[in-house]
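**Student:** Below are the structure tokens for one structure; questions will follow.
The values are calculated or read from the model by the stated rules, or taken from the named source; none is laboratory data. None of the values given here were measured: they were computed from a predicted structure. Note: ideal-geometry Cβ built from the backbone for every residue, glycine included; neighbour counts use all protein chains shown. Accessible surface areas use protein heavy atoms only, side chains included; no ligands, DNA or RNA. Shrake-Rupley method; radii C 1.70, N 1.55, O 1.52, S 1.80 Å.
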Amino acid sequence: MTVGILLLAAGESARYRAACGRHKLLESIEGETMLARCYRIARQSDLPVAVVLRPEPLALRRCLGGARQIVLASDGIGSSIAAGVRATAHWDGWLIMLADMPWLQPTTLRQVAQALTLHAQARACWRGQPGHPVGFSRASYAQLTTLEGETAARELLMRQGVHLLATDDAGAVRDIDLPSMWSNGET
């Protein structure tokens, strides 16, 4: 069974750009851009990886080296997931990993992928908080390929139920969404 990772990086980073004047995925974390770091973490899981991103900014595409890139002018996370799933239709399952979660551990990715052998949908959670990645098996293929908007994946999880996989990885719930995180010494 081939389960792969869709690393979602097609957001416009509008709130972060408004506050800081730059794309958050290009911020440096321990010497590498956030996007490059998340891609490295995904690759360290030893699962196949495809990155979904916008045509611009080109700097995002350049920091991915030889990554498989699925490029689209996304109108939301739903269309990003749909495009990624269609482009990797040969996979048996998909882990949705957000590119602003640079502390996620590769072992968590592998654990959620393994959970898909027993469950149609699985999601990492830390101390009772649902987090990422979120995994979908082949049984969700048709629904995934038609997702649109910002909440469609969440609605799919609620409709079909999801297995919550407890993890000790706090990175499963820790993302970078606000510029204030940069001033709090969390880089």
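**Student:** Looking at L64, L60, L35, L25 in this structure, which one is over 15 Å from G135 (Cα atoms) and part of a loop (DSSP other than H, G, I, E, B)?
**Tutor:** Values: L60 fails: part of a loop (DSSP other than H, G, I, E, B); L35 fails: part of a loop (DSSP other than H, G, I, E, B); L25 fails: part of a loop (DSSP other than H, G, I, E, B).
Only one candidate qualifies: L64.
Here is a yes/no grid of residues against (1) at positive phi; (2) of a type in the set (D, E); (3) in contact with a Phe, Trp or Tyr (Cβ under 9 Å, 6 or more places away or on another chain); (4) at pLDDT 95 or above:
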position	(1), (2), (3), (4)
L109	no, no, no, yes
A115	no, no, no, yes
A122	no, no, yes, yes
G128	yes, no, no, no
R138	no, no, yes, yes
E150	no, yes, no, no
L156	no, no, yes, no
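**Student:** Suppose we filter L109, L104 for residues that are part of a helix (DSSP H, G or I) and either surrounded by 20 or more Cβ atoms within 10 Å (Cβ to Cβ) or touching a His at 6+ places or on another chain (Cβ under 7 Å) (or both); which single one remains? Even if it seems obvious, please write down each step before you answer.
**Tutor:** Working: L104 fails: part of a helix (DSSP H, G or I).
Going through L109, L104 in turn, just one is part of a helix (DSSP H, G or I) and either surrounded by 20 or more Cβ atoms within 10 Å (Cβ to Cβ) or touching a His at 6+ places or on another chain (Cβ under 7 Å) (or both): L109.
**Student:** Conditions: (1) without any contact (Cβ under 8 Å) to a residue 60 or more places away in the chain; (2) open to solvent by less than 20 Å² (accessible area, probe 1.4 Å). W91 meets all but one. Number of the miss?
**Tutor:** Failing condition for W91: (1).
**Student:** Out of the residues in region 1-44 that are among the acidic types (D, E) and surrounded by fewer than 17 Cβ atoms within 10 Å (Cβ to Cβ), state the one that is farthest from L58 (Cα to Cα).
**Tutor:** Residues of region 1-44 among the acidic types (D, E): 12, 27, 30, 32.
With surrounded by fewer than 17 Cβ atoms within 10 Å (Cβ to Cβ) added as a condition, the list becomes 12, 30, 32.
Numbers: E12: 13, E30: 22, E32: 16 Å.
Once the filter is applied, the top-ranked residue is E30.
**Student:** Here's something else I'd like to know. Determine whether A18 is farther than 20 Å from L156 by Cα, out of contact with any Leu (no Cβ under 8 Å at 6 or more places or on another chain) and free of Cβ contacts under 8 Å to residues at least 12 places away in the same chain. Talk me through it step by step, then tell me what you get.
**Tutor:** Numbers: farther than 20 Å from L156 by Cα: yes; out of contact with any Leu (no Cβ under 8 Å at 6 or more places or on another chain): yes; free of Cβ contacts under 8 Å to residues at least 12 places away in the same chain: yes.
So A18 passes the test.
**Student:** Right, L47: surrounded by fewer than 24 Cβ atoms within 10 Å (Cβ to Cβ) and modelled with pLDDT of 95 or more or not? Before the answer, list the steps.
**Tutor:** Values: surrounded by fewer than 24 Cβ atoms within 10 Å (Cβ to Cβ): yes; modelled with pLDDT of 95 or more: yes.
The answer is yes for L47.
**Student:** Please state which one of R123, R159 is of a type in the set (D, E, K, R) and surrounded by 19 or more Cβ atoms within 10 Å (Cβ to Cβ).
**Tutor:** R123 is the lone residue from the list that is of a type in the set (D, E, K, R) and surrounded by 19 or more Cβ atoms within 10 Å (Cβ to Cβ).
**Student:** Also, quick follow-up: If you take the residues of region 166-177 that are more than 12 Å from G128 (Cβ to Cβ) and not in a helix (DSSP H, G or I), which of them is modelled with the lowest pLDDT? Don't jump to the end; show me each part of the working.
**Tutor:** Step one: of region 166-177, the residues more than 12 Å from G128 (Cβ to Cβ) are 168-171, 174-177.
Filter once more, keeping what is not in a helix (DSSP H, G or I): 168-169, 174-177.
Details: D168: 96, D169: 96, R174: 90, D175: 79, I176: 75, D177: 63.
Among those that are more than 12 Å from G128 (Cβ to Cβ) and not in a helix (DSSP H, G or I), it is D177.
**Student:** Exactly one of (1) among the small types (G, A, S); (2) on the phi > 0 side of the Ramachandran plot; (3) out of contact with any helix residue (DSSP H, G or I) (no Cβ under 9 Å at 6 or more places or on another chain) is unmet by G76. Its number?
**Tutor:** (3)
**Student:** I would also like to ask the following. So which residues in region 112-162 are part of a helix (DSSP H, G or I), over 16 Å from I5 (Cα atoms) and among the aliphatic types (A, V, I, L, M)?
**Tutor:** We begin by selecting, within region 112-162, every residue part of a helix (DSSP H, G or I); these are 112-115, 138-144, 152-160.
Among the residues that remain, those that are also over 16 Å from I5 (Cα atoms) are: 139, 142-143, 152, 154-160.
Those that are part of a helix (DSSP H, G or I), over 16 Å from I5 (Cα atoms) and among the aliphatic types (A, V, I, L, M): A139, A142, A152, L156, L157, M158.
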